Amino acid sequence: MFDITSLWLFIVAVFLLSITPGPDLAYVVGQSVANGRRAGVISAAGVALGSCTHALASVVGLTALIAASPTLFNVVKLAGALYLIYLGSRFILGTFGKEQADDPEQPRIRPEASLRGLLTRGFITTLTNPKVLLFFVSFFPQFVVPGGEHQVESFLLLGVAYTLVAFLTDATFALLAGSAMGVVSGNRRLQKLMDRIVGTAFIGLGIRLSLTQR
């Protein structure tokens with residue numbers, strides 16, 4: 001197909017990458033637990049938009065340029081780390097708001113997450129994820145015939161395959177994690193605990209990302 005070799009092996013590798021714990025999966029699962037399945041699936045769509053952007057950037061050579069420049073790579077990495085820490089802090093700080101009732105068993109009313117906000121946060125999380133950037137630079141070329149006549153089309157098709165597999169995987173995790181929302185939403189203590197756990201996980205991922213070498 002075009003200049004692509006071993007497409008099924010590529011799909012398997014993408015699936016394994018998608019189920020590996022990281023910023024993208026943590027964001028989708030965190031939003032699904034905090035705001036329900038709908039929020040998780042929409043967040044997965046935002047992550048997919050970020051993956052599409054990575055695919056287009058790899059075709060025009062921008063991804064390779066960033067990966068080749070230590071300064072640009074570190075800027076992307078630190079931006080991603082700071083954004084994860086910011087998201088985690090929002091989760092945690094949101095648990096210290098004014099109590100809405102004396103009964104801790106009553107659910108805490110939280111504002112409904114907006115479609116635009118969920119998409120944007122998912123998009124930024126993926127766009128600043130250096131793991132995805134390096135995957136496009138180092139892994140994609142292994143499945144494209146060097147010097148082929150359809151390299152652009154081949155990279156775009158691989159990008160579409162990557163985005164589709166990653167979205168389906170993230171959406172599945174979102175639906176599974178969203179099952180916990182029914183239990184959590186009925187108890188304010190559990191809501192706070194889950195928000196703090198998710199927030200702490202985000203901050204931990206951000207710190208680990210900032211310290212990660214290539």
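The calculated 222 nm mean residue ellipticity attributable to helices in the chain amounts to -25500 deg cm²/dmol, summing -39500 (n - 2.57) over DSSP H runs of n ≥ 4 and dividing by all residues.
In this simple spin-label model, placing a label point 7 Å from the Cα along the Cα-to-Cβ direction at both Leu56 and Ser114 gives a separation of 2.2 nm.
Projecting the Cα atoms of Gly80, Ile4, Thr163 onto the charge dipole of the chain, computed from C-beta unit charges around the Cα centre, puts Gly80 farthest toward the positive end.
Taken per residue, the accessible surface of the chain reaches 51 Å², heavy atoms only and a 1.4 Å probe.
The values are calculated or read from the model by the stated rules, or taken from the named source; none is laboratory data. These numbers come from a predicted model, not from an experiment. Cβ sites come from the backbone with ideal geometry, for glycine too, and all protein chains shown count toward neighbours. To get the accessible areas, we keep the full protein, side chains included, count just its heavy atoms, and leave off ligands, DNA and RNA. Shrake-Rupley method; radii C 1.70, N 1.55, O 1.52, S 1.80 Å.
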